[in-house]
Amino acid sequence: MAINREIKVKVKVPASSANLGPGFDAIGLALQIYNELTLSVAAGPISEVQIEGEGAALLPRDENHLSLRAAGVLFKAAGIKPPSWKLRQLNRIPAGSGLGSSSAAIVGGMIAANAFLPNPLSREQILELAAQMEGHPDNVAPAIYGGMVISCCDRGKLRTFKVPTAPGLRLLVAVPEITLATQAARRVLPEQVPLSDAVFNAGRAAALAAALSTGKEDVLSWATEDRLHQPYRCCLSPGSEAAMAAARRAGAGGAAISGAGPSIIAFWFERGDKDPRENLISAALRNAFAGAGIRCRIISTVPDYWGASLLS
Ligand code: HSE
């Protein structure tokens, strides 16, 4: 089957914050921070990659680029040999920081490549492929669908449930100057946990989703507590525990390690125009990391509701 070699496809993919405390590998929220990717068929036999923005100095500029590898996985699933590609990427999602940059690269590569197929795959098929490639679904699902998405693996099949968040949800992300590979942050986790810890998290994960969808901010302080991953990961990122505690003291309803870290995400529901908490929480996060000798930048954002979209 022939692919359409004449088109140029532009895709925008949101960042995502996974786990949000107790929802390890299950809950993710898309954020209004976007990478853009433009894909066309290259004239010659070798793929060409141009990257601007976050991570540009570190990311591969050949077939090893994650978006092109993802395009290859999608073509393989469709039973079609991929062409050599011309990829242009504008990155705004900090890389290696726990904000879903690799999921955005995978989802962007798949959604862009899908537009070249004579029989494109559905978003559900792309989700399965992207989650397999990433190894867990909680970033790729919100990157594809937008909003807060709960993902569960049901006997080998991925189930997702998009839960609307209540109006006024505001988020601050403290991105420390260190980066952390997700694989390294997963290696510190135990294979098994006590039943009491599983019970601790099950109730909190359910309460977290309910609180975010109803705007019950007072619930967030306990509903963002976690015993499955954060206690093991805090040691990988100096200042992270202090930053979460400081954000809560400064008025954030909840605070958590974003994904596998090292970024910390703090969130609350804005009360009117004069809610002063953004500046207070921002200063608290910055000071807590500074106290551990780590510089960080602060990104202010809100949820993305749409997920990955084709711009042309
Ligand atoms: N749930 C994954 C983890 C997210 O915590 O390892 C990685 O971004």
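The values are calculated or read from the model by the stated rules, or taken from the named source; none is laboratory data. For clarity, every value in this text was computed on a predicted model and none was experimentally measured. Every residue, glycine as well, gets a Cβ built from its backbone with ideal geometry; the counts of neighbours run over all protein chains shown. Quick note on the areas: whole protein, heavy atoms, side chains included, nothing else; ligands and nucleic acids left out. Shrake-Rupley method; radii C 1.70, N 1.55, O 1.52, S 1.80 Å.
Can you classify the stretch 215-312 as rounded, prolate or oblate using the Cα gyration tensor, where a ≥ b ≥ c are the square roots of its eigenvalues, rounded means a/c under 1.5, and otherwise it's prolate if a/b beats b/c and oblate if not? The shape class here is rounded.
Taking all protein chains together, L195, L169 sort by accessible area into L195, L169, largest first [probe 1.4 Å].
Note on R61 and K216: the extension gain reaches 51.3 nm, defined as 0.36 nm multiplied by sequence separation minus the Cα-Cα distance. Within the assembled protein chains, the solvent-accessible surface assigned to T214 is about 90 Å², based on a 1.4 Å probe. Sort out the exposed loop trypsin sites (Lys or Arg not before Pro) in the chain (DSSP loop, at most 12 other Cβ within 10 Å) and tell me the longest stretch that has none. It works out to 6-154.
Tell me, what % of the accessible area of the chain is carbon and sulfur with a 1.4 angstrom probe?
Answer for the chain: carbon and sulfur cover 54 percent of the accessible area.
Entry comment: accessible area of the chain is 44 Å² per residue, from protein heavy atoms only and a probe of 1.4 Å.
Does the stretch 80-171 come out rounded, prolate or oblate, given a ≥ b ≥ c as the square roots of the eigenvalues of its C-alpha gyration tensor, rounded meaning a/c under 1.5 and, failing that, prolate meaning a/b above b/c? Verdict is oblate for the stretch 80-171. Solvent-accessible surface (1.4 Å probe) assigned to D25 amounts to roughly 40 Å². Solvent-accessible area of C153, all protein chains in place: 100 Å² (probe radius 1.4 Å, heavy atoms, ligands and nucleic acids excluded).
Considering only alpha-carbon pairs that sit under 8 angstrom and 6 or more positions apart, the relative contact order computed for the stretch 1-113 is 34 percent. With a cut-off of 8 Å between alpha carbons and a minimum separation of six or more residues, what is the relative contact order of the stretch 48-189 in percent? After rounding, I find 21 percent. Enumerate the lysines that K12 could reach by cross-link, defined here as Cα to Cα under 30 Å, with residues fewer than 8 away along the same chain left out. Within the straight-line cut-off, K12 pairs with K76, K81, K86, K157, K162. Using the Cα gyration tensor of the stretch 1-136, with a ≥ b ≥ c the square roots of its eigenvalues, what is the shape: rounded (a/c below 1.5), prolate (a/b larger than b/c) or oblate (neither)? It is oblate, given that a/c is not under 1.5 and a/b is not larger than b/c. To the nearest ten degrees, helix 195-214 and the longest principal axis of the Cα atoms of the chain are 80 degrees apart.
For the chain, the fraction of alpha-carbon pairs lying more than 27 Å apart is 41 percent, rounded to a whole number.
So what is the relative contact order of the chain, in percent, for Cα pairs below 8 Å that sit 6 or more residues apart?
Normalised by residue count, the contact order of the chain is 25 percent.
Look at where the Cα atoms of the stretch 4-39 and of the stretch 236-312 average out, and the two centres are 19 Å apart.
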